[in-house]
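Just below is one structure, and these are the notes that go with it.
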Amino acid sequence: MAMDDSGTMRVLIGSAGRRVYLIRWFEDAFARLGITGEVHVTDADPRAAAYSAADHAHVVPPYSSSKYRSAMVTLVERIRPSLFFSVNDYELEILATSGLSEELESLGVPVLSLAGSLHSCVHDKLRMHDALIEIGVSTPATVLLSDRAGVAALADKHDEIVIKDRFGSGSSGLQRVDSSRWELAAAWLTSGSTPADHFVVQPTIKGTEFGIDIVAPIVSGAHDTAVLARKKIRMRAGETDQAKSADAGPFNDIARRIASWTQHRGSIDVDVLLDEDGVGHVIDINPRFGGGYPFSHLAGADLPSLYVAQLISAEFRPEDFLTCSPGIVSSKYEAVLRVAPAELEEI
């Protein structure tokens with residue numbers, strides 16, 4: 001379903017939220033490849049920035065609603081997109097674990113989503129740790145906060161530990177704690193309704209944090225799996241705020257092992273700590289366009305064009321879309337747009 005009878009390609013972005021840049025870059029991809037295309041977005045909030053920025057926007061029920069599934073099926077049947085992906089971790093969880101991704105695929109729409117069991121694994125930081133160790137990828141030692149003996153053992157070996165949400169998105173719940181005070185931190189974190197086994201504990205590893213995109217083909221065999229890398233300079237609200245494009249070489253083995261495990265299509269975002277000995281430790285995996293991709297795009301990469309080129313079966317050189325100039329520093333900034341007062345569409 002690359003194009004409809006009129007020769008128009010449609011890309012659907014779920015829970016687009018604030019990611020106006022993705023709309024613009026897919027529009028640029030259509031122009032770069034000389035085709036007619038439309039970018040459609042969904043959101044439960046019609047006041048979201050991307051909803052107002054898009055030429056084609058659709059209000060859908062929240063992904064936690066019982067009406068969400070039927071609304072998405074109805075929308076996909078109506079607009080017949082050539083590609084659907086979400087940029088929201090919790091919507092991705094619904095897509096992957098409820099069977100909705102497979103249902104949409106059965107309508108002829110490629111959906112960029114992990115298999116349900118794999119998504120559940122990367123969403124759970126304890127299970128992710130165990131899986132990464134099994135495939136030979138280094139990752140910080142991880143125990144549940146409820147495992148007091150395990151936490152005490154980590155605290156004895158390290159001056160500082162990190163406590164974070166086991167099922168969190170981004171850096172949710174992250175606390176850096178002096179090891180001598182971990183029991184006080186544990187008591188404070190569990191003083192409410194959240195049980196201790198919903199937090200994980202890891203040692204703090206000294207090093208430099210990088211974000212990488214592991215880019216696999218959407219169409220089987222279209223290109224070799226590639227890596228885009230950037231050094232994180234500054235974080236804001238759990239997302240990379242300033243970064244410098246970097247040589248991806250040190251991360252190729254990590255990327256190869258993870259891609260072989262996940263068998264994903266498109267791009268997944270991985271956070272890696274490169275320690276003082278040059279060893280990379282994976283600390284998070286987000287199976288979507290990550291908040292760090294814009295820094296690679298501004299350094300020369302073009303994943304929207306790579307996706308579209310595959311969907312229309314165009315001949316292309318992967319290096320035209322997957323090459324970044326190292327050393328390019330970019331920063332995010334605030335922008336505001338007026339919400340369109342047009343009638344709100346609801347499925």
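Structure data summary
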quantity: Rg/Rg_globular for segment 206-331, with Rg_globular taken as 2.2 N^0.38 Å and Rg from C-alpha atoms; calculated: 1.01
quantity: Length released on extending from Val279 to Ala237, taking residue separation times 0.36 nm less the Cα-Cα span; calculated: 12.5 nm
quantity: Sorted by Cβ density within 10 Å, fewest first, the residues Arg257, Arg265, Arg176; calculated: Arg176, Arg257, Arg265
quantity: In order through segment 51-60: 3J(HN,Hα) via Karplus (6.51 cos²θ - 1.76 cosθ + 1.60), integer Hz, x for Gly, Pro; calculated: 4, 6, 7, 7, 6, 9, 10, 9, 7, 10
quantity: Projected-area average for segment 141-203 over all orientations - Cα convex hull basis, square nanometres; calculated: 3.7
quantity: Unit charges at the beta carbon, dipole of segment 195-307: most positive-side option, Gly292, His264, Ile212; calculated: Gly292
quantity: J(HN,Hα) series, segment 108-114, from Karplus relation 6.51 cos²θ - 1.76 cosθ + 1.60, nearest Hz, glycine and proline x; calculated: x, 10, x, 10, 7, 8, 6
quantity: Assigned charges on the beta-carbon of Lys, Arg, Asp, Glu; segment 255-347 dipole about Cα centre (debye); calculated: 200
quantity: Gain upon complete extension [Tyr90, Arg176; 0.36 nm per residue less C-alpha separation]; calculated: 28.5 nm
quantity: Under-5 Å amide H pairs with Met235, H placed in peptide plane, nonlocal only; calculated: Asp241
quantity: Residue order, fewest to most beta carbons within 10 Å, for Tyr68, Tyr333; calculated: Tyr333, Tyr68
quantity: Helix 20-32 vs. the chain, principal-axis angle (Cα, 0 to 90°, nearest 10); calculated: 50
quantity: Dipole magnitude (debye, nearest 20) for the chain, charges at Cβ of Lys, Arg, Asp, Glu; calculated: 460
quantity: Segment 193-223 residues near the modelled Ser146 label - backbone nitrogen below 16 Å, point 7 Å along Cα→Cβ; calculated: 193-201
quantity: Cβ-placed point charges (K, R +1; D, E -1), dipole of segment 8-115 about Cα centre in debye, nearest 20; calculated: 240
quantity: Built amide H within the under 5 Å cut-off of Arg166, gap 5+; calculated: Phe199, Val200
quantity: Packing-based ranking, highest mean first, of 310-322, 229-241 given that Cβ atoms within 10 Å are counted; calculated: 229-241, 310-322
quantity: Added length on full extension, which subtracts the Cα-Cα distance from 0.36 nm per residue, Val329 to Ser117; calculated: 72.6 nm
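Each value in this text was obtained by applying a stated rule to the coordinates, not by laboratory testing. Keep in mind it's a predicted model, so treat the numbers as computed, not measured. Cβ coordinates were reconstructed from backbone atoms using ideal geometry, including for glycine residues, and neighbour counts include every protein chain displayed.
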